[in-house]
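Read-outs throughout are calculated quantities, based only on the coordinates presented, and are distinct from any laboratory measurement. A quick note: this is a predicted structure, and the numbers were derived from the prediction, not measured. Every residue, glycine among them, receives a Cβ derived from its backbone with ideal geometry; neighbour counts consider all protein chains shown.
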Amino acid sequence: MKRVAILISGGGSNMVALVDSMTGDHPARPVLVLSNVPGAGGLERAAERGIATAVVDHRPFGTDREAFEARLTGALETARPDIICLAGFMRILTPAFTGRWSGRMLNIHPSLLPKYPGLHTHARAIAAGDADAGCSVHEVTAELDGGPVLGQARVPVMPGDTPETLAARVLVQEHALYPAVLRRFAMGDRTPVHLP
Ligand code: GAR
């Protein structure tokens, strides 16, 4: 059974989708939900599901990313994860940290990568007049939102969409895509998933 740690910064809806998928014959189980934001809504949702939780607040470390990540690594090593899922974890990671977990760390990003790495993805898709938007799950490498894509889901951009209405449509697909990719990845299969 593969051990999965999930890193969050917010409400944790993707974390919930991942946790709730890891039952029955699924090859993985959640062992830790960790947030860099004390009081993040997802922590309570994880605890309700009986998952161990931890907080490593980034703020006391200021600009010292290495010191923050050293604490993060300490918390993760205690949980001995085989796989780390970033699920709305809003910290940029150093090459040392991404290298440490190379081949074992996944992220979900709300765009059809390689389009729109970084922030404000939905506003950028609307401003560009794109017919489609979506989300991607990828392996985490030193390049921000740049690792190999393991799955994508596509949604139409509708007339009158705002970043918020488009984000809501994409989020529904995120909740289907991330569990589908994790299941495959936990079985050692990196064949990309395409939804719908
Ligand atoms: C999700 O839309 C996720 O794709 C995005 O943050 C949201 C987290 O929601 N991630 C990023 O923007 C990463 N750069 P959640 O906390 O409800 O899962």
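Worth pointing out:
- Cα shape, region 21-83, gyration tensor, a/c 1.5 rule: oblate
- Rounded Å value of the spacing that divides the Cα centres of region 84-136 and region 1-69: 17
- For region 8-114, the set of GluC sites (Glu not before Pro) satisfying both a DSSP loop assignment and a count of at most 11 other C-beta atoms within 10 Å is empty.
- Ranked list, fewest to most other Cβ atoms within 10 Å of each Cβ, for TYR116, TYR178: TYR116, TYR178
- The GluC sites (Glu not before Pro) found in region 81-166 that occupy coil by DSSP, while having at most 16 further C-beta atoms within 10 Å, are GLU143.
- Within the chain, percent of DSSP bridges classed antiparallel, to nearest 5: 35
- Where only DSSP H runs of four or more residues are counted, the chain gives -11000 deg cm²/dmol as its mean residue ellipticity at 222 nm, each run worth -39500 (n - 2.57).
- Taking the inverse of the mean reciprocal distance over all distinct Cα pairs, the Kirkwood hydrodynamic radius of region 117-196 comes to 13.3 Å.
- Using the alpha-carbon positions of the chain, Rg (one decimal) and Dmax (whole number) come out as 16.1, 49 Å.
- Cut-off 15 Å between beta-carbons: net charge of the residues surrounding SER13, Lys and Arg +1, Asp and Glu -1: -2
- For VAL157, net neighbour charge (Lys/Arg +1, Asp/Glu -1) across residues whose Cβ lies under 15 Å away: 0
- Against the main long axis of the alpha-carbon atoms of the chain, helix 65-79 sits at an angle near 70°.
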